[in-house]
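Asker: I am attaching a structure below and will ask some questions about it afterwards.
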Amino acid sequence: MRRGNARFRFAALVAVSCTVVLAAGTGLAGPAAADPSGADPVGVGPADVGPAGVGPIFVDGQAQIVPEFADPSTWIRQRLWVETGFDSDGDGRRDRMHVDVTRPGPTADGLKVPIVYETSPYYAGTASTQRQYFWDVTHELGQQPPARISPPPIAHQPDRTAVSTSEVSTWVPRGFAVVHSDSPGTGLSQGCPTVGGRNESLAPKAVIDWLAGRAKGYSSVDGGAEISATGWSTGKVGMTGTSYNGTLPLAAASTGVKGLGAIIPIAPNTSYYHYYRSNGLVRNPGGWVGEDIDYLFDYISSGYPDRREYCARHVRVDEMNRFQDRASGDYNTFWAGRDYLNVVGKVRAATLMAHAFNDWNVVPEHSVRIHAALKAQGTPVQAYFHQGGHGGAPPLDLRNRWFTRYLYGVRNGVERDPRAWIVRNETGPSQLTPYADYPNPAAAPVTLTLQAGGGTSGGLTSLARPGTGTEQLVDAGHDACNAGILASTVSENRLLYVTPELTAPLHISGTPQVKLRLAASRPAANLSVALVRLPWTGAAQCESSTRGATTSIITRGWADPQNHRSLWRSEPLRPGKFVEMTVPLQPDDQVTPAGQRIGLMIWSTDHEFTQHPAPGTVLTVDLAAASVALPVVGGPLAMPVCAERDARETVVIGGVDSGVPNGALAGACTINDHILDAEQWSNHGRFVRHVTEVGNQLVAAEVITARQRSAIIRAAARSGVGR
């Protein structure tokens, strides 16, 4: 996840220089107060106006900067501690959270405003990121690694007078208060850091309860005068933040707390298992080789020194080190308790989810899985994606409309806006593009088969039957280079299967799935898979990073073949025995331009992400059972993988002329290219069923009529193909 200042290293972000054009009629025609008519679906009412007539102003459905709110010298700043309902640091007292408030001056005169709230474990400093404090990844798979050394303690800062200033200059001038809090066991908040534990959800819930008058706040960490928010707070709260700070809005929403009307999580970690493991394989986030959840505990443990030993013993040692399981990588109840998908059913806050498709720190599945679950359960949700790296907030227009709608109750029509916004920059300047949803509703899976020759460059196409035979690669282990050099040079350490040059742009939207039947020469093996765009762009030396948005990685995934049956239980591989598995790659939405090729690369040890065993493990892949299901906008007929156009005027099947015009499809492809009558078929019936499926696709795409489909199927039935 994104780290504090000592570790604040974004991958190159895509700068979006564009104006968001929203559907006509969804905004207000001019300045207005919040509409008091009609109830909001999340119980948000109209805006308040202070006794002096000062209040928020809305134009085109967005809160505007108000002169009376904009002068920082008039802002009211408070600091306090909110009492929670838990004791996580074992001192026999309820933990209190350190909170600061910045609000417009007119709130002193009776104006009530909603709140934008960000909470974080990073505000009070973080620990060393020197390599010696991470896990040693150079060891055999399945073995317990050498013990890890913790970094020096974070210096405590008892004299801090505020928590943070983030978001203040954006939202206070527009009529919101901004609130921050230190997470449990960090900064001046009591408790223990638990990295996804229950107290990380309950702590922001307590702050939201305080803002609504349901919890108590005090002027000091132990005792002090009681402080109330009800004189200036409407009790309507929106949360936002990036990375860890983006995880915590979802954590708070998963409690079902009243008053949390909207959240904007940016690059959130929604499952610590998915952050530190992939399909049973021990995997580190990109750029942090050897990081695991116990290191992240050390990294954020900046709380009161007298409770740190207790927290380290009870959280890091007794829980994390006992159950994180770096030997097998299996899913277990420890990880399940830190997976927000398991508690998403309580989320009612309208969610604007933001993520990048080239984020190899918090990979995009984190947002996509929650986005899908929220859609399924009817929670208001919208998605913003870009093509850059870790972080990157939606444009302010989108965020403003979201908070204005769900915190102020302004009926700006945001719920009728497109459900997905994606930055397109693959073939031209950056442009924020609206879509009906994500994945693109027009996307459908296209099965690509692997053809022999992967040791150099085998074929990858949707217009051929599966290849035959087996092909092998040898794991480079701790001598492995990064993916760029593997994709751009011939190597025994990988298999590569490549499409013909695309004759039209290809739009992928969704989650590719790679099916493999493979065997290993040892009881355990890493498995790494990537879709790459060729020719390779960017650096391609052994140590060159593949985590930036400028490289040719389209998407990638990792898996442990020992978990081919279940994430919960590993099974040692029997050398030479084949197992079948499906490897989901990371979700994507990307356009590959014409003139390029797409490659599927299979290898073992990924130097940037996996553990580094001894070299020499041989992986054998059965081509007949290997395929890629690629989610293509337009489906199978949109695959532009034909090198040249079939010149025949009609659809001819095994020498039988159907009389149907040989219509043009994607790129240089025609209907004849999809018939596959020159391929080897095990029987005639199977071939006819294939042609029937193609005919159905052509009718659905309005390329041919139902009568023409019948003519094509009759020609296939009369042919000798497969007999």
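The values are calculated or read from the model by the stated rules, or taken from the named source; none is laboratory data. Computed from a predicted structure; not experimentally measured. Glycine also receives a Cβ, built like all others from the backbone with ideal geometry; neighbour counts cover every protein chain displayed.
Asker: Can Gln541 be described as more than 25 Å from the chain's Cα centre (by Cα), surrounded by fewer than 20 Cβ atoms within 10 Å (Cβ to Cβ) and at pLDDT below 95? Reasoning before the result, please.
Answerer: Values: more than 25 Å from the chain's Cα centre (by Cα): yes; surrounded by fewer than 20 Cβ atoms within 10 Å (Cβ to Cβ): yes; at pLDDT below 95: yes.
It is true that Gln541 is more than 25 Å from the chain's Cα centre (by Cα), surrounded by fewer than 20 Cβ atoms within 10 Å (Cβ to Cβ) and at pLDDT below 95.
Asker: If you don't mind, another one. Given the condition part of a strand (DSSP E or B), in contact with a strand residue (DSSP E or B) (Cβ under 8 Å, 6 or more places away or on another chain) and either within 19 Å of Gly259 (Cβ to Cβ) or modelled with pLDDT of 95 or more (or both), answer yes or no: does some residue in the stretch 397-419 qualify? If you could, list the steps in order and put the result at the bottom.
Answerer: Let us first name the residues in the stretch 397-419 that are part of a strand (DSSP E or B), namely none.
The answer is no, given that none of the residues of the stretch 397-419 is part of a strand (DSSP E or B), in contact with a strand residue (DSSP E or B) (Cβ under 8 Å, 6 or more places away or on another chain) and either within 19 Å of Gly259 (Cβ to Cβ) or modelled with pLDDT of 95 or more (or both).
Asker: Kindly establish whether Gly695 is part of a helix (DSSP H, G or I) and either in contact with a Lys or Arg (Cβ under 7 Å, 6 or more places away or on another chain) or within 30 Å of Arg533 (Cα to Cα) (or both). Steps first, please.
Answerer: Numbers: part of a helix (DSSP H, G or I): yes; either in contact with a Lys or Arg (Cβ under 7 Å, 6 or more places away or on another chain) or within 30 Å of Arg533 (Cα to Cα) (or both): yes.
For Gly695, the condition - part of a helix (DSSP H, G or I) and either in contact with a Lys or Arg (Cβ under 7 Å, 6 or more places away or on another chain) or within 30 Å of Arg533 (Cα to Cα) (or both) - is met.
Asker: Please give the number of the condition Glu415 fails out of (1) buried (at least 20 other Cβ atoms within 10 Å of the Cβ); (2) in the same structural domain as Val137 (by TED's automatic domain parsing).
Answerer: Tallying (1) buried (at least 20 other Cβ atoms within 10 Å of the Cβ); (2) in the same structural domain as Val137 (by TED's automatic domain parsing), Glu415 fails exactly one: (1).
Asker: Could you please find all residues in the stretch 425-445 being in a strand (DSSP E or B) and under 21 Å from Val414 (Cβ atoms)?
Answerer: Gln431, Leu432, Thr433, Pro434, Tyr435
Asker: Moving on. Residues to consider are Val628, Val632; find the one that is in contact with a His (Cβ under 8 Å, 6 or more places away or on another chain), touching a residue at least 12 places away in the same chain (Cβ under 8 Å) and buried (at least 22 other Cβ atoms within 10 Å of the Cβ).
Answerer: On the way: Val628 fails: in contact with a His (Cβ under 8 Å, 6 or more places away or on another chain).
Only one candidate qualifies: Val632.
Asker: Being in contact with a helix residue (DSSP H, G or I) (Cβ under 8 Å, 6 or more places away or on another chain) and not in a loop (DSSP other than H, G, I, E, B) is the filter; apply it to the stretch 662-676 and report the residue that is surrounded by the most Cβ atoms within 10 Å (Cβ to Cβ).
Answerer: Ile675
Asker: Does Thr240 count as assigned to a strand (DSSP E or B), in the same structural domain as Glu200 (by TED's automatic domain parsing) and within 22 Å of Asp397 (Cα to Cα)?
Answerer: Numbers: assigned to a strand (DSSP E or B): yes; in the same structural domain as Glu200 (by TED's automatic domain parsing): yes; within 22 Å of Asp397 (Cα to Cα): yes.
Here the answer is yes, as Thr240 does meet what is asked.
Asker: Another question, then. Would you check if Gln590 is in contact with a strand residue (DSSP E or B) (Cβ under 6 Å, 6 or more places away or on another chain) and either within 29 Å of Val423 (Cβ to Cβ) or not assigned by TED's automatic domain parsing to the domain that holds Ala327 (or both)?
Answerer: Details: in contact with a strand residue (DSSP E or B) (Cβ under 6 Å, 6 or more places away or on another chain): yes; either within 29 Å of Val423 (Cβ to Cβ) or not assigned by TED's automatic domain parsing to the domain that holds Ala327 (or both): yes.
When the stated conditions are applied, Gln590 passes them.
Asker: Within the set of pairs 6+ apart or on separate chains, which have a first residue in the stretch 253-282 that is among the aromatic types (Phe, Trp, Tyr), a second that is assigned to a strand (DSSP E or B), and C-beta atoms under 7 Å apart?
Answerer: Tyr273/Asp339; Tyr276/Arg283
Asker: Moving on. Can you name every residue in the stretch 128-175 that is closer than 30 Å to Thr74 by Cα, over 29 Å from the mean Cα position of the chain (by Cα) and buried (at least 18 other Cβ atoms within 10 Å of the Cβ)?
Answerer: Val172, Pro173, Arg174, Gly175, listed by residue number.
Asker: Then there is this: Considering only helices (runs of 4 or more DSSP H) fully contained in the stretch 304-378, which possess at least 2 residues that are closer than 30 Å to Ala147 by Cα and either more than 13 Å from the chain's Cα centre (by Cα) or among the polar types (S, T, N, Q) (or both)? Outline the logic, then answer.
Answerer: On the way: elements: 305-311, 333-336, 365-377.
Qualifying helices (runs of 4 or more DSSP H): 305-311, 333-336.
Asker: Just a yes or no: is a residue in the stretch 227-237 at pLDDT 95 or above, part of a helix (DSSP H, G or I) and crowded, with 21+ Cβ neighbours inside 10 Å? Steps first, please.
Answerer: Going through the stretch 227-237, the residues at pLDDT 95 or above turn out to be 227-237.
Checking which are part of a helix (DSSP H, G or I) leaves us with none.
Among the residues of the stretch 227-237, not one is at pLDDT 95 or above, part of a helix (DSSP H, G or I) and crowded, with 21+ Cβ neighbours inside 10 Å, which makes the answer no.
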